[in-house]
Amino acid sequence: MADEQASVSRRRGISTIWVVPIVALLLGGWTVFYTWSNQGPEITLVFDTAEGIEAGKTRIKARSVEVGMVTEVGLADDFERVVVTAEIEPAAERLLRDDTQFWVVRPRVGAGGISGLGTIVSGGYIELAPGEGPEGRLSFVGLEDPPVTPVGTPGLKFELVSEDSFLGAGDAILYRGYNVGRVESATFDVEGQRVHYDAFIEAPYDALVRENTRFWNASGVRFSATADGIEVSAASLESLVLGGVSFGVPEGRSAGGVVEDGTSFNLFAGEKEANERPYHHSIQYVVQFERSVRGLRPGAPVEYRGIPAGHVERIMMEELVADSGGTGKGAAIPVLISLEPGRIHFGDDEAGTERLRRGIELGVPHGMRATLQSGNLLTGSLLVALDEYSDAEPAELGEFQGYPTIPTISSGLEGLQHQVSALLAKLNALPLESIVASTDDAVQSANDAVKEMERAVASVGALLQSENVQGLPESLEATLAELDRTLRQFSELAASLEAEPSSLIFSRDPRLDPEPAVRAP
Amino acid sequence: MKRTATILCVITLLALLGCATAPAPERTRYLMRSSEGTPAGPVSHARLGFRRVVVAPYLKSLGLVVETGPGQVNSARFHEWAEPLDQGLRRFLVPATAAALGESVGGGAAYAGDWAYRVDLYIDQLHGTAEGDALLAAEWRIVDSAGVEVGRSAFSKRSALSGSGYDALAEAELALVAELATAVADSLRDLPKD
């Protein structure tokens, strides 16, 4: 028996068992790499509130395509806002640009209509509006409301400025009634006391906006009753309900050059104001009226024979008080008017101004006078009318507080008003109470007379119904018959006397009546 | 003076001559009354009635008329109706017609609106003839309340006198008038009630 002895020898090399952990390590590494290499960027969004946002549930969508998921929601360090962390898919990484916008889509009811109704069932989500700026931004401030105009929409962004607030975000911008843009936002400048609107007009309509374009409020129905008459204006039904802005180039003016983004325009209260041609040259005069100037407002027209020639600046009460020694009692009311030579085609320049001035200087000695006339009988608005009156008393241009004055005369309407006032005063002075009392007495007497007459008529009616009166015709007939018979007898007597006159004294022959004889047997 | 005495003498003479003439015969007046009597008072609400009774002009005088020859009549001077003939006839006919009809008959001349029918009677002849008869000829028309004629009838009859003289003539004429009332009543009887 041979001793069998194990031969132990150290095997050189690596055990094959290591293959397993190595493979596992490789697989794990691949997995980590694959996961790392396919992970999108993580972004942070800041919102005022996290209403409708839940970590792991709220998705981020771009044009309804899911591009990310909210992973964490937390409060900001100052606790004033919320910070939402989200993971964006790698393929959507290039959507993250400097001007990319995010906002929460939830049900909304606004001027532009109702939106986000689908989120009632599916839940809210964050909408991503890709920008056009440089890539790589990972932190954004979310919008509380959806942007009126999507980023990158071709068109013109500009500013409208007005002293009053007419509009709100989302209101339409109309060109001849057609919707071409929107008001995006409105802010009030406290310092300048003006409202600034950010507006946008889509291409190709942005080309309509030029340097001389005027914008005016077209919201609702505008009703104005001035000395020019009663005006009612309204734009489209949409702007009537929701508000809006219209624009255009004033008639007779050139459109001007192209405007750039960010250009500021004045927003006028109405189309009339917007189209009002600005005149750069004017002459100011004072007209003094002895009558009430109620109804004469700043801006009221000044007309020369019905042609607009200027407007009323103001009623000079302060100057009147100062001029009359602090009372102003009994003095004519001075009204400052502005005459614009450009309005009457004298030319809106110095030459036109001088020509107008000379015309008035020559006109006044020949009867040019100012009168107050009614521009609107319904509202009582007044205007200042200049005309020439051949029978006017001689007068010259005067001066009041440094302004030249144009003489005034009473208008026909004014005289009529005086007559009406005088008539009313006379009526007022009438002893109406005693007249009414007398009238009452007269009416009472008339009533008594009528009642008396009614009683008399009733008595006559009863009399006529009485048997005696009812029998009158019969009695009358009998009387007439008797009269007829008497006349017949008188006739017979007359015939008898004619035939035998002596019968008046001597008895006629008493001839007997012929005897009716019985029928012979 | 002398002249005045002469005038007084002439007047006295004429008066004596007038008184010396023969007295006139006594007058006889006949009353036309129906044996039915007269109504107690005016009937103003009867459905039927006489509106008008008209006699021919030759009967306007009171005297009874007698035919003395062809186309000649004489109105008696001493034999008269006691009242005008048209009034006497109305007083006679109203009760006589009511009695024959069995219904109130009005006789007033005044129109009453609630009368349904009225009779206008025209007496053409009523006199004694030369042959010894009494003659009555009459006609009448019936009109409704609207004035529309609804009927027209005539009556003509002779009746021999029972004796000579005006008493027999008056008696015969009254008998004829009674027959006339019956004829008028017959013409009214068949008129509609409404």
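Burial here means at least 40 square angstrom less accessible surface with every protein chain in place than with the chain by itself, probed at 1.4 Å; in the range B:124-154 no residue meets it. Straight-line cross-link reach from A:Lys272 at under 15 Å between alpha-carbon atoms covers these aspartates and glutamates, not counting any fewer than eight positions away in the same chain: A:Asp228, A:Glu231, A:Glu251. Can you give the angle from 0 to 90° between the axis of helix A:432-465 and the longest principal axis of chain A, with both taken from C-alpha atoms, to the nearest 10? So the inclination is approximately 50 degrees.
Given the rule -39500 (n - 2.57) for each run of at least 4 DSSP H residues, summed and divided by the residues of the protein assembly as shown, what is its mean residue ellipticity at 222 nm, to the nearest 500 deg cm²/dmol? Mean residue ellipticity at 222 nm (helix-derived): -9000 deg cm²/dmol. Rounded if a/c is under 1.5, else prolate if a/b is larger than b/c, else oblate: which is chain A, with a ≥ b ≥ c the root eigenvalues of its Cα gyration tensor? Oblate is the answer for chain A, as a/c is 1.5 or above yet b/c matches or exceeds a/b. Taking all protein chains into account, the per residue accessible area for the protein assembly as shown stands at 60 Å² (1.4 Å probe). Taking all Cα pairs closer than 8 Å and separated by 6 or more residues, the relative contact order of the range A:330-482 comes to 13 percent. Between the Cα long axis of helix A:19-38 and the first principal axis of chain A there is an angle of about 30°, rounded to the nearest 10. Taking a ≥ b ≥ c as the square roots of the eigenvalues of the alpha-carbon gyration tensor, the range B:29-189 is classed prolate because a/c is 1.5 or more and a/b outweighs b/c. With a cut-off of 19 Å on the backbone N, the residues of the range A:334-369 near the modelled label site 7 Å out from A:His280 along Cα-Cβ are A:339-357. Listed peptides A:346-356, A:255-265, B:123-133 appear in the order B:123-133, A:346-356, A:255-265 once ranked by packing, highest mean of other Cβ atoms within 10 Å at the front. Each peptide in A:62-68, B:75-81 receives the mean, over its residues, of other Cβ atoms within 10 Å, and ordering these scores from highest gives B:75-81, A:62-68. Once you reduce the range A:142-212 and the range A:30-79 to the center of their Cα atoms, the two points are 33 Å from each other. Counting only Cβ charges, +1 for Lys and Arg and -1 for Asp and Glu, the dipole size of the range B:112-192 around its Cα centre is about 120 debye. On the basis of the beta-carbon distance and an R0 of 45 Å, A:Arg358 and A:Ile435 show a calculated FRET efficiency of 0.15.
Can you tell me the dipole magnitude for the protein assembly as shown around its Cα centre, using point charges on the Cβ only (Lys, Arg +1; Asp, Glu -1), in Debye to the nearest 20? Kindly include the intermediate steps, with their values, before the conclusion.
On the way: 61 positive and 99 negative charges, 549 e Å.
So the dipole magnitude of the protein assembly as shown works out to roughly 2640 debye.
Rounded to the nearest 10 degrees, the angle from helix A:350-363 to the longest Cα principal axis of chain A is 10 degrees.
Full-extension gain between A:Asp448 and A:Ala351, please, as 0.36 nm times their residue separation minus the C-alpha to C-alpha distance.
Working: separation 97, 0.36 × 97 = 34.92 nm, distance 8.44 nm.
The span from A:Asp448 to A:Ala351 would gain 26.5 nm if fully extended.
May I ask for the accessible area buried between chains A and B, both sides summed, probe 1.4 Å, to the nearest 100 Å²? Intermediate results must be reported in sequence, preceding the final value.
Numbers: alone 34300 and 10810 Å², together 42660 Å².
Result for this pair: about 2400 Å² buried.
Counting alpha carbon pairs within less than 8 Å and at least 6 residues apart, what relative contact order, in whole percent, applies to chain A?
Values: 884 pairs, mean separation 42.0, N = 521.
Across chain A, relative contact order equals 8 percent.
Mean separation of Cα pairs under 8 Å and 6 or more residues apart, divided by the residue count, gives the range B:43-156 a relative contact order of 32 percent.
Taking all protein chains as present, what is the carbon and sulfur share of the accessible area of the protein assembly as shown, in % to the nearest whole number, probe 1.4 Å? Its accessible area is 55 percent carbon and sulfur atoms.
The values are calculated or read from the model by the stated rules, or taken from the named source; none is laboratory data. Every value quoted in this text rests on a predicted model; they were computed, and no experiment measured them. A quick note on method: Cβ atoms are made from the backbone with ideal geometry, for glycine too, and the neighbour counts reach across all protein chains shown. Note: areas computed on protein heavy atoms with side chains; ligands, DNA, RNA excluded. Shrake-Rupley method; radii C 1.70, N 1.55, O 1.52, S 1.80 Å.
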